[in-house]
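A.B. asks: Below is a structure I'd like to ask you about.
Any read-out appearing in this document is the output of simple, stated calculations on the displayed coordinates, not a laboratory observation. As the structure is a prediction and not an experimental result, all values here were calculated from the model. When we count neighbours, we look across all protein chains shown, and the Cβ atoms used for this are built from the backbone with ideal geometry, even at glycine.
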């Protein structure tokens, strides 16, 4: 009986060993040990303060050394589930503390959950670190307005708090900073407002800084790169006119007969007090003679004026485009002459080709006339006859000379032209075209 039990136990042990062997074989075939490479693993720098506290300098990774490849050996099931590979460059482990070396080499330590350290390899095993002097620089926040407030208002001022940001970091990165900007959205605002806005760092090429550089910068505003924007709205006022003064005069025998501006009226915005003062001055803004200096011209002149230089305090000009200039035009004529407007309806059209009709691109043309025995004050424009000759002209746009005959006692100072377009007539019966038939 004892012998039977002993033999039976041996059989059981053999069965267990066979089962274990089968399990090992099956496990090896379904979950084999294998080696896999994980590329672009980010490297985290630790103990950066160690270099600064010990040597008074700053350490940073070169851009091309920001990631490594990690080679891992282990079970397929483990490798398939890996999500958290940590690569660390500990600056206290710098192999050679000769910080004058370029580059300085730092060993990389990699931790892979579920994998023994001897089965993990970092490629490269050391990364290059640049050791640089610390630099601090102040930047005034540049404000960019986005959107438009309510139609009755304009943005008078945007005040930033703080107005200046102090930035510290590696010298090479500080030198790349071109500006620090705040984008302030004012769309639809109808009252003053104070709000927090994000600040963004731009390089000298006006490209926004990436996190790879931002991580090395320290701001006096703290970890949160924000500032407070105080938005002040001013009420608008339309119909403001310009009074133009000029220094100098026309050449001998000539006179400046008229000064005009483009635009002829401005829309401005300002504080209540500034708008009140402007109203007391007749809603007129003066362009002083220092802005327009003429040197004895014999012909018309044109001057571009940056009107923002001559606006009253706390008044801004509201304009539709980026052009901040007013165009001042001066009309120069011989003495005893003047400029009058002749309606284009008084111009006769001669020799218009069949099937065409004429349209003018202006309502009037200017005639410059001089006294020649008669008084300019008695000139009657209705006594002027004028015509254009359209011989040989087909459909299209033209600038054509105008033949002008003045009443006795007057002469023309300059020749006259008109801008016209010849259009094809369309049969009105078809209902598809313009039925104008001026000829």
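A.B. asks: Can you give the calculated 222 nm mean residue ellipticity of the chain, where each DSSP H run of n ≥ 4 adds -39,500 (n - 2.57) and the sum is split over every residue, rounded to the nearest 500 deg cm²/dmol?
C.D. replies: -4000 deg cm²/dmol
A.B. asks: How big is the shadow of the Cα convex hull of the range 134-234, averaged over all directions, in nm²?
C.D. replies: Over all viewing directions, the range 134-234 projects a mean Cα-hull area of 6.3 nm².
A.B. asks: Continuing with this model, one more query. So how much slack lies between residue 217 and residue 370, counting 0.36 nm per residue of separation and subtracting their Cα-Cα distance, in nm?
C.D. replies: On the way: separation 153, 0.36 × 153 = 55.08 nm, distance 7.40 nm.
The span from residue 217 to residue 370 would gain 47.7 nm if fully extended.
A.B. asks: Hey, fewest Cβ within 10 Å first, where do 14, 71, 180 land in order?
C.D. replies: Numbers: 14 10, 71 14, 180 22.
If I rank by nearby Cβ atoms, fewest first, I get 14, 71, 180.
A.B. asks: For each of 421, 349, count neighbouring Cβ atoms within 10 Å of the residue's Cβ, then give the residues from fewest to most.
C.D. replies: Placing the least packed residue first, the sequence is 421, 349.
A.B. asks: Let me ask something else. With r as the distance between the Cβ atoms of residue 308 and residue 340 and R0 = 60 Å, compute the FRET efficiency 1/(1 + (r/R0)^6) and round to 0.05.
C.D. replies: It comes out at approximately 0.95.
A.B. asks: Is the C-alpha gyration tensor of the range 175-251 telling us rounded, prolate or oblate? Criteria: a/c under 1.5 is rounded; beyond that, a/b larger than b/c is prolate, otherwise oblate.
C.D. replies: Cα axes put the range 175-251 in the oblate bin.
A.B. asks: Please report the spacing between the Cα centers of the range 265-336 and the range 134-173 in Å, no decimals.
C.D. replies: Centre-to-centre (Cα) distance: 30 Å.
A.B. asks: If you don't mind, there's one more thing I want to ask. Using a Debye calculation, one point per C-alpha and no hydration shell, please list log10 I(q)/I(0) for the range 245-334 at q = 0.11, 0.18 Å⁻¹ in order.
C.D. replies: Taken in order of the listed q values, log10 I(q)/I(0) reads -0.37, -0.83.
A.B. asks: Report the FRET efficiency, 1/(1 + (r/R0)^6), for residue 90 and residue 380, where r is their Cβ-Cβ distance and R0 is 56 Å, rounded to 0.05.
C.D. replies: After rounding, the FRET efficiency stands at 0.05.
A.B. asks: Relative contact order (percent) for the chain, with alpha-carbon contacts under 8 angstrom and 6 or more residues of separation?
C.D. replies: In percent, rounded to a whole number, it is 9.
A.B. asks: Relative to the longest principal Cα axis of the chain, at what angle does helix 2-30 sit, 0 to 90 degrees, rounded to 10?
C.D. replies: Taking Cα atoms only, the helix is inclined about 20 degrees.
A.B. asks: Quick one, can you get me the convex hull of the C-alpha atoms of the range 33-124 expressed as volume per residue in Å³?
C.D. replies: 93 Å³
A.B. asks: While we're looking at this one, here's another question. For residue 279 and residue 150 in the same chain, what is the full-extension length gain: residue separation times 0.36 nm, less their Cα-Cα distance, in nm?
C.D. replies: Between residue 279 and residue 150, full extension yields 44.2 nm more.
A.B. asks: Hey, what did the range 33-124 get for relative contact order, percent, Cα under 8 Å, at least 6 apart?
C.D. replies: 34 percent.
A.B. asks: Further question on the same structure: Just to be sure I understand: if I project the alpha-carbon convex hull of the range 309-424 onto a plane and average over all orientations, what area do I get in nm²?
C.D. replies: For the range 309-424, the mean projected area of the Cα convex hull comes to 11.3 nm².
A.B. asks: Where in the range 195-212 is the amide nitrogen less than 13 Å from a point lying 7 Å along the Cα-to-Cβ axis of residue 142?
C.D. replies: From the range 195-212, the list is 200-209.
A.B. asks: Restricting the calculation to Cα positions, tell me the Rg (one decimal) and the Dmax (whole number) of the chain in Å.
C.D. replies: So, for the chain, Rg and Dmax equal 42.2, 160 Å respectively.
A.B. asks: To continue, here is another question. Between residue 260 and residue 245, what is the label-point separation in nm under the 7 Å Cα-to-beta-carbon projection?
C.D. replies: 2.5 nm
A.B. asks: In whole percent, what relative contact order does the range 162-239 give with Cα contacts below 8 Å and a gap of six or more residues?
C.D. replies: Working: 98 pairs, mean separation 30.7, N = 78.
Worked out over the range 162-239, it gives 39 percent.
A.B. asks: By count of other Cβ within 10 Å, fewest leading, how are 218, 246 ordered?
C.D. replies: Taking fewest neighbouring Cβ atoms as first place, the list is 218, 246.
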